[in-house]
Structures are given as C-alpha cells and as structure tokens.
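Notes to accompany the following structure.
The values are calculated or read from the model by the stated rules, or taken from the named source; none is laboratory data. Treat the numbers as computed from the prediction; the structure is a model and nothing was measured. Note that we place each Cβ from the backbone using ideal geometry, even for glycine, and neighbour counts take in every protein chain shown.
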Amino acid sequence: MPAGDPYWDGYFSLTEAPPPRDMYAWFLDRWPCEQGALLDFGAGTGRFAEVFFKERPMLAVDAMDGSPNALAFLQARAGLRRVWTQPFEAFSVAEAYHAIWAMNVLFFVERAALPALFASLNKALLTEGVLAFTFLEEDPAYPVFLDLVRTRVTESELRDLLKAAGFTVRFLDRKIGKYGAQGADQPFFRVLAEKV
C-alpha cells in the first residue's frame with residue numbers, strides 16, 4: 001500500500017472490502033456472458049475486477065487504472081489476467097474485450113477529452129461488446145463533493161457522447177447515492193451501452 005498519500009490511504013480504507021452486490025448486479029443481470037474478456041477500466045484497488053472473476057470464473061478479467069498507486073493493489077487481487085496503469089486519455093487497445101466496466105471513474109476525465117476516450121473504449125470492444133459505467137449528473141442542486149471530479153453531464157449530453165462514439169444505449173437510469181469519504185449524496189447515471 002502506498003504510504004503517505006492521503007487520497008489513496010482514504011480510498012483504500014473505503015474500498016478494501018468487496019463491494020455490495022447491488023453496486024454491480026445491475027450490470028451482470030443485463031450481461032449474461034459467462035465467458036470472454038472483461039476490462040475493469042479505472043479499477044482502483046481492483047475490488048470489482050476480483051468480484052467479476054469470482055462470480056464468473058470463466059471470464060478473463062483485466063484491470064487498469066490511471067494512477068500508478070493502484071498497481072500494488074491490482075497485483076494483489078486474485079484471478080486477474082493482466083493489470084496495468086496508464087493515463088486514461090492514453091488508453092488504446094483494439095477489439096480485445098466483450099465488456100468494459102468503468103465504475104465511478106469517467107467523471108475524473110476533463111470534458112474536452114471525453115469524446116476521444118469514449119471512442120477509445122468503443123475501439124477496445126469486440127463487435128456487440130458492452131460498456132457499463134456510472135457518471136455523475138450535472139445538477140446545480142448538488143455541489144461537487146471532491147476536487148478530483150472534472151466533469152458532470154446531463155442525460156442528453158451523455159447520450160450524445162455515446163452516439164458520437166458509436167454506442168447505442170441499452171440501459172440508463174438515474175440514482176442518488178452516497179459518493180466519497182464524505183458520504184455526500186450525488187445524482188448519477190448507470191449506463192449499459194453496446195458497440196454498434
């Protein structure tokens with residue numbers, strides 16, 4: 001575990017345990033694939049990646065994060081095929097995954113970089129592959145709770161970004177839930193988009 005990094009120390013304490021099933025069941029219930037390759041994009045400590053491997057052991061599960069501090073956590077997780085770190089905006093993989101999971105990560109990317117990132121995520125998927133993610137909703141009633149958040153979007157902006165990147169939305173809903181160590185209520189979208 002990296003020492004002396006207050007963000008990672010706090011993040012690790014929040015994400016050491018397996019996530020509650022309701023945080024990811026909405027994805028697995030809509031993606032019944034038992035085999036294939038899945039990427040946990042922005043995996044952090046890798047707790048979702050490890051859960052996906054345990055729930056569907058025939059999946060080849062990879063995990064990557066944008067912070068070098070994540071690497072030791074990811075390497076310690078059981079069952080992962082490949083782990084690495086790199087800036088999110090530098091992600092470039094071609095037709096390798098049946099699914100990409102990006103929980104609580106895309107809003108850390110600057111708005112101007114989102115079109116290219118969504119296009120890169122599309123490129124990384126095989127035909128009919130799916131991208132499952134959450135994204136904070138732009139709502140002035142809810143102040144930004146964490147300095148690291150770069151972008152929040154409206155539903156129409158999000159749908160436009162996905163369409164432009166070559167996705168069709170299979171599922172989208174809106175929730176309000178606790179985010180961050182402060183436990184601040186935030187509106188967010190859960191999305192399952194398919195490569196077209």
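Could you please find all residues in the stretch 34-47 being outside any loop (DSSP other than H, G, I, E, B) and at pLDDT below 95? Correct list: R47 only. Among residues of the stretch 21-37 that are among the hydrophobic types (A, V, I, L, M, F, W, C), those with a beta-carbon under 7 Å from a residue that is part of a helix (DSSP H, G or I) at least six positions away or on a different chain give the pairs L28/E55.
Evaluated against (1) of a type outside the set (S, T, Y); (2) touching a Gly at 6+ places or on another chain (Cβ under 9 Å); (3) more than 22 Å from D29 (Cα to Cα); (4) surrounded by 16 or more Cβ atoms within 10 Å (Cβ to Cβ), L146 falls short on exactly one condition, (4). Checking the conditions here, which among V93, V83, V61 is more than 19 Å from E16 (Cα to Cα) and of a type outside the set (K, R)? Selected residue: V93, the only one of V93, V83, V61 that is more than 19 Å from E16 (Cα to Cα) and of a type outside the set (K, R). When P19 is tested against (1) more than 16 Å from A102 (Cβ to Cβ); (2) at pLDDT below 90, exactly one condition is not met: (1). Can you find, within the stretch 44-99, the residue that is nearest to the chain's Cα centre (by Cα) among those that are acidic (D, E) and closer than 15 Å to L28 by Cα? Among them, the one singled out is E50.
Is it the case that some residue within the stretch 104-120 is surrounded by 20 or more Cβ atoms within 10 Å (Cβ to Cβ), closer than 21 Å to A164 by Cβ and touching a residue at least 60 places away in the same chain (Cβ under 8 Å)? Yes, some residue in the stretch 104-120 is surrounded by 20 or more Cβ atoms within 10 Å (Cβ to Cβ), closer than 21 Å to A164 by Cβ and touching a residue at least 60 places away in the same chain (Cβ under 8 Å).
Scanning the stretch 104-132 for residues that are touching a helix residue (DSSP H, G or I) at 6+ places or on another chain (Cβ under 6 Å) and within 20 Å of A49 (Cα to Cα) yields a count of 2.
Against the list (1) within 23 Å of E50 (Cβ to Cβ); (2) within 15 Å of the chain's Cα centre (by Cα), the condition G177 fails is (2).
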